[in-house]
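Before any comments, here is the structure.
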Amino acid sequence: MILKNNKYGSYLLVLVFVLLLNFWLPRLLPGGPVEYITGGGEEGVVFLTEAQKAAMLEYYHLDDSVGQQFMKYLKGIFTLDFGLSINHKAPVNSIIIERLPWTMFIVGIASIFSIIIGLLAGLYSAWRYPGKTDRGLFLSMLSLSTIPEFVIGMVFLISMSVKLKWFPLSGAKTAFLRSDLWMDHATDIARHAVLPALTLTIGSLAGIYLLMRNEAIRVRNEPYVEFASAKGIGSQGIVFKHIARNAALPLVTMIIIRMGALMAGSILVESVFAYPGVGKLLQEAILGRDYPLLHGLFLLMTLFVLLLNFIADMIYPYLDPRIRTAAKRGMQG
């Protein structure tokens, strides 16, 4: 019970710290919403009169004291209502709900493919260890892990969209698509999602591969694997029934946690492809100093990452009996 309370307490402390940071961090950025609307504060660029600026500050409660703004921010957390977006002139919740499915779509696709390809490649590399095939895969994945996702996205954008014209340049679907067939609309959405999802997949592939490879090499040297080989069990049976099953067990939590990293990676990828998801929305909110929208987006991403970590902590003891036994001993002690 003590271990569980400590675990829940750590999550609570992280959440409280992030919520406080969520309020102060946007306000530490240079400028503010009014400066952005009036042209970034550049001299000679004025779009609003002083009366209009004052009315805008009053309408969005930006002229309130910091303490009053903080209390309204706390109220918004408990009611899940952060008010109106300054730039979009719409409720923050509705804007996020509108953009969230697009991000979940490409992140979900990237998660599935990166996990499958990464685990199979890592398992194959470990089976070929030591050898030229393993070294080639290892060096390739290691090199791939050093390339930023936005660079991968730019290469795909220039080569496959600009040069070859295989995929659309930007967006999530073609505006005013002239077709009543649902298949045409589904195909159009899929074509727009290919490059962002492929970029996210490649960006997260190396990490899963390296984890699987290292764990599979460790399991391969265990006595029970050598015993299975001595019994005459075929290579396929050893790889999938003994090595893969035992090597993948510790990776479950890491894979779940890495899904949170995919959400963070979508910010740069969506910006490159102008994909209208949560990541692109966050970039717009930062550039526009849209405090209410930033509060809602930061809270969403924080809860998403904490939830994934919490799920990983909860399911791991059920996957590994050794952890569950150690936890019971700790409670008895």
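Checked against the criterion of being modelled with pLDDT of 80 or more, within 26 Å of Phe298 (Cα to Cα) and assigned to a helix (DSSP H, G or I), the candidates Leu195, Leu211 yield just one match: Leu195. Being of a type in the set (Gly, Ala, Ser), closer than 17 Å to Pro101 by Cβ and within 23 Å of the chain's Cα centre (by Cα) is a property that Ala172 has.
Here's the yes/no breakdown for (1) in a helix (DSSP H, G or I); (2) under 18 Å from Leu251 (Cβ atoms):
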site	(1), (2)
Ile86	no, no
Ile96	yes, no
Thr103	yes, no
Ile109	yes, no
Ser114	yes, yes
Ile117	yes, yes
Tyr124	yes, yes
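Residues in the stretch 137-157 that are more than 11 Å from Leu195 (Cβ to Cβ) and of a type in the set (A, V, I, L, M): Leu137, Leu139, Met141, Leu142, Leu144, Ile147, Val151. Take the residues in the stretch 57-70 that are among the hydrophobic types (A, V, I, L, M, F, W, C) and under 14 Å from Trp24 (Cβ atoms); name whichever of them is surrounded by the most Cβ atoms within 10 Å (Cβ to Cβ). Selected residue: Phe70.
Is it the case that Gly288 is under 27 Å from Phe78 (Cβ atoms) and surrounded by fewer than 20 Cβ atoms within 10 Å (Cβ to Cβ)? It is true that Gly288 is under 27 Å from Phe78 (Cβ atoms) and surrounded by fewer than 20 Cβ atoms within 10 Å (Cβ to Cβ). The residue that is surrounded by the fewest Cβ atoms within 10 Å (Cβ to Cβ), counting only those in the stretch 113-136 that are within 21 Å of Val194 (Cα to Cα) and not β-branched (Val, Ile, Thr), is Phe113. Within the stretch 65-97, if we keep just the residues that are over 12 Å from Leu294 (Cα atoms) and of a type in the set (Gly, Ala, Ser), the residue that is nearest to the chain's Cα centre (by Cα) turns out to be Ser94.
Identify, from the list Gly265, Gly277, the residue that is modelled with pLDDT under 85, within 17 Å of Val107 (Cβ to Cβ), surrounded by 19 or more Cβ atoms within 10 Å (Cβ to Cβ) and of a type in the set (Gly, Ala, Ser). When all the criteria are applied, what remains is Gly265. Residues in the stretch 65-112 that are more than 20 Å from Val18 (Cβ to Cβ) and among the hydroxyl-bearing types (Ser, Thr, Tyr): Ser65, Ser85, Ser94, Ser111. Any residue that is in contact (Cβ under 8 Å) with a residue 60 or more places away in the chain, of a type in the set (A, V, I, L, M, F, W, C) and part of a loop (DSSP other than H, G, I, E, B) - is there at least one of those in the stretch 139-154? No, the stretch 139-154 contains no residue that is in contact (Cβ under 8 Å) with a residue 60 or more places away in the chain, of a type in the set (A, V, I, L, M, F, W, C) and part of a loop (DSSP other than H, G, I, E, B).
The values are calculated or read from the model by the stated rules, or taken from the named source; none is laboratory data. Everything numeric in this text was worked out from a predicted model, so none of it was measured. Virtual Cβ from ideal backbone geometry, glycine too; neighbours counted across all protein chains shown.
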